[in-house]
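The values are calculated or read from the model by the stated rules, or taken from the named source; none is laboratory data. The shown structure was predicted, so the numbers you read here are calculated from the model rather than taken from an experiment. Positions of Cβ are backbone-derived with ideal geometry, glycine not excepted, and every protein chain shown enters the neighbour counts.
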């Protein structure tokens, strides 16, 4: 059997560690030159496959590939582009297979979240129907931590470490000034549908009374009266109150609080502004001065504070994807399997893409306290290992020293294709 | 000469390294028990002196005092409380002296910015008039970096390192997705009157085309047309555009842009929202999707990413304050004196409080490029050394392990005093 090429694409929102997965995958592929020829990466994700815009990673040095482990963002570009159903958009899938055929792609690695696993699964189906031999392996990645069949998703642990650290640090700031100045601090975090990132903020509160005092989950319908009463009690007891709020906080009817509240001068809803909406509510009801922060992309790109556990898992999953492919395991996703909480032990496993595609893992109800404002011990036991360990990037001139690859294109062989 | 006690207070907004100054000061004072009795700290800053709410730092172990070096926020509490003029509020100053007398305070260390240096200077004056012997020494601290007679101000270097790192990391995120998704990213940073922090963001752009692409300084009146044209050019050239904007960005008439733009549903001006105002302007004019982040307290409490240079200077200034006091140098502030840019060399010096009080150091005009949108090489040469070096805090359970002191009160000896 002669060596066939591999295609790798990054998909959806990028993270602090998705390049660690790319690093592991390319390093592992290079160990098997008799089985795997070149690893081609899709420029800007799957769009690069459709447009035949492939990057030849074999032109990057081993040293530069190693540096991917400590570089945030998506080194080859990513995109939010979901291939539609096989029935209505069969041409797109056929195009993918054409491109694979033109470049002798025998391995398809798709590094992303729910939608991407769905696409990888569909590609494996159409390839089979078309009689084109390709092994399709999904590699998990999402800060939302909502893929099933894996203990956690690479990218999440580092966001978790970042938001918990940030709200702890801000808490030390607020408590210093609270007697005569700002008593309220609100941090808005990502996670529109699931409260995993909000929950992670709760890790900073190891003892009663420590920040964050209140967590506002997307899973818990916002009750303004109960919230304000809790803030009031907090300020009376501790002198200040810190809140972590999910961008996806909604009311009982499922409407986003960010959209229900403030509008700008042009009448636009303020997206990414739920932090300010709940802070302003406190000011209106209790007359307390507030500060708020919006972490936005900072939280998912903060490689300088990545979790070593997350990094190791991200890298290991890239390695495992290649190993699975070489074993001929088609239409599976590499997964993390938890063996023990403390000390945390995990191993790599795999699960069928068919069982993962479009299935969203919700946060268990027993991870949220009965009052809806904090995490339980069970949640803490789950989250804690995921933020353990540090592996700072190299610094140069006082700043993290990240790599930009050369990203040289593979010559095209096919006619253009519009996406 | 018998040992007399010292009084130390933290003032104004806290920083990632103000406790490193406290650490150096207390450690140095403990080396001279024959000269300095106990170091009392004001609970919540100077208010603690007025209300005779003193903290006995001698009850904290050497190990815990050492841990102050890696703990953000103000360990004894701080406040924004400016003593008024000697003429109209003489009673306050007399009260301070009374408290000093009651607790045999022979050394007054005030750790803060412009207002605090003014207060320290006035205290030295009134003490002299009242014939009370006390050595008053100012210790600089302000993320605003606007004190004269010192090369820089402790706290600034760490904010500078944080914002430059953050916008670099966010840039790696945005460029990954820009082809098909968000092309615009805006980071709003502190610095209402001076653009030092905004300028520091510029350090991340080492080569042409690297983020941040545009800096919006409080010193440069905002020109919406020129700004939008520059964003447009950037997106056309690089495919995306990242912007760092000062919370103090103003128009030609000096009105804050944050207040000119958006209002919330209640008609309140959005403070802390200039980032969104300029991002929304881009969306309205160019139709480009944006993300924005508001670093707020995160930037000044991010001890996990502190500059080692900043930490070393903060600690050294605490040590120097004690040494100056023991030399009997009254009414001075300890300062940092730059000896060379590269390699950066500095030494401790001092300057009269009278020349510092209420004097604001502006950013030199030659630090901003002629188009008003970036920093010059001269600015880079000044800023670069201040962010050099890392000294991460210890981590426990995946999070920075910070200290909370016991902060035990000194028994009161005087009647209450209302502030």
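When only residues in the stretch B:359-379 that are surrounded by fewer than 17 Cβ atoms within 10 Å (Cβ to Cβ) and closer than 20 Å to residue B:214 by Cα count, which is nearest to the other protein chains (Cβ to nearest Cβ)? Spell out the reasoning first.
Filtering the stretch B:359-379 for residues surrounded by fewer than 17 Cβ atoms within 10 Å (Cβ to Cβ) gives B:359-360, B:362, B:364-366, B:369-371, B:377-378.
Filter once more, keeping what is closer than 20 Å to residue B:214 by Cα: B:364-366, B:369-371, B:377-378.
Working: B:364: 21, B:365: 25, B:366: 22, B:369: 20, B:370: 25, B:371: 24, B:377: 14, B:378: 17 Å.
If we take residues in the stretch B:359-379 being surrounded by fewer than 17 Cβ atoms within 10 Å (Cβ to Cβ) and closer than 20 Å to residue B:214 by Cα, then B:377 is nearest to the other protein chains (Cβ to nearest Cβ).
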>> On the basis of being touching a strand residue (DSSP E or B) at 6+ places or on another chain (Cβ under 6 Å) and buried (at least 18 other Cβ atoms within 10 Å of the Cβ), does residue A:333 make the cut?
In response: yes
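Please tell me if residue A:187 is crowded, with 24+ Cβ neighbours inside 10 Å and facing chain B (nearest Cβ under 9 Å). Steps first, please.
Details: crowded, with 24+ Cβ neighbours inside 10 Å: yes; facing chain B (nearest Cβ under 9 Å): yes.
Yes, satisfied.
Would you be able to tell me the number of residues in the stretch B:1-45 that are farther than 19 Å from residue B:323 by Cα and in contact with a helix residue (DSSP H, G or I) (Cβ under 7 Å, 6 or more places away or on another chain)?
Kept after step one, since they are farther than 19 Å from residue B:323 by Cα, are these residues of the stretch B:1-45: B:11-17, B:42-45.
Next, only the ones that are in contact with a helix residue (DSSP H, G or I) (Cβ under 7 Å, 6 or more places away or on another chain) stay: B:11-17, B:42.
So the count comes out to 8.
Conditions tested, residue by residue: (1) at pLDDT 95 or above; (2) within 9 Å of chain B (Cβ to nearest Cβ).
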| residue | (1), (2) |
| --- | --- |
| A:256 | no, no |
| A:292 | yes, yes |
| A:327 | yes, no |
| A:346 | yes, no |
| A:352 | yes, no |
>> Exactly one condition in (1) assigned to a loop (DSSP other than H, G, I, E, B); (2) over 24 Å from residue A:137 (Cβ atoms) is false for residue A:304; which is it?
In response: (1)
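For (1) in contact with a helix residue (DSSP H, G or I) (Cβ under 8 Å, 6 or more places away or on another chain); (2) farther than 30 Å from residue B:393 by Cα; (3) more than 14 Å from every other protein chain (Cβ to nearest Cβ), each residue gets a yes or a no:
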{"site": "A:319", "(1), (2), (3)": "yes, yes, yes"}
{"site": "A:330", "(1), (2), (3)": "yes, yes, yes"}
{"site": "A:334", "(1), (2), (3)": "yes, yes, yes"}
{"site": "A:341", "(1), (2), (3)": "yes, no, no"}
{"site": "A:357", "(1), (2), (3)": "yes, yes, yes"}
{"site": "A:387", "(1), (2), (3)": "yes, no, no"}
{"site": "A:390", "(1), (2), (3)": "yes, no, no"}
{"site": "A:395", "(1), (2), (3)": "no, no, no"}
> Across the stretch A:397-406, which residue is nearest to residue A:22 (Cα to Cα) among those that are at the interface with chain B (Cβ under 7 Å from one of its Cβ atoms) and assigned to a loop (DSSP other than H, G, I, E, B)?
Replying inline: A:402
> Which of the residues belonging to the stretch B:70-101 are more than 14 Å from chain A (Cβ to nearest Cβ) and either assigned to a helix (DSSP H, G or I) or modelled with pLDDT of 95 or more (or both)?
Replying inline: B:90, B:91, B:92, B:93, B:94, B:95, B:96, B:97, B:98, B:99, B:100, B:101
> Among the residues of the stretch B:102-125, how many are over 27 Å from the mean Cα position of the chain (by Cα) and part of a helix (DSSP H, G or I)?
Replying inline: 1
>> Could you tell me how many of the residues in the stretch A:389-416 are surrounded by 15 or more Cβ atoms within 10 Å (Cβ to Cβ) and touching a residue at least 60 places away in the same chain (Cβ under 8 Å)?
In response: 11
>> Can you confirm whether residue A:280 is within 12 Å of another protein chain (Cβ to nearest Cβ), outside any loop (DSSP other than H, G, I, E, B), within 14 Å of residue B:276 (Cα to Cα) and modelled with pLDDT of 90 or more?
In response: no
> Would you pick out the residues in the stretch A:127-159 that are part of a helix (DSSP H, G or I) and surrounded by fewer than 19 Cβ atoms within 10 Å (Cβ to Cβ)?
Replying inline: A:128, A:129, A:130
> From the list A:225, A:206, which residue is surrounded by fewer than 24 Cβ atoms within 10 Å (Cβ to Cβ) and either under 18 Å from the mean Cα position of the chain (by Cα) or part of a loop (DSSP other than H, G, I, E, B) (or both)?
Replying inline: A:206
> Among the residues of the stretch A:349-357, is there at least one that is on the phi < 0 side of the Ramachandran plot and surrounded by 23 or more Cβ atoms within 10 Å (Cβ to Cβ)?
Replying inline: yes
> What residue, of B:91, B:20, B:49, B:3, is more than 28 Å from residue B:305 (Cβ to Cβ) and buried (at least 24 other Cβ atoms within 10 Å of the Cβ)?
Replying inline: B:49
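Can you tell me which residue among B:201, B:234 is within 14 Å of chain A (Cβ to nearest Cβ), in contact (Cβ under 8 Å) with a residue 12 or more places away in the chain and part of a helix (DSSP H, G or I)?
Details: B:234 fails: within 14 Å of chain A (Cβ to nearest Cβ).
Exactly one residue qualifies, and that residue is B:201.
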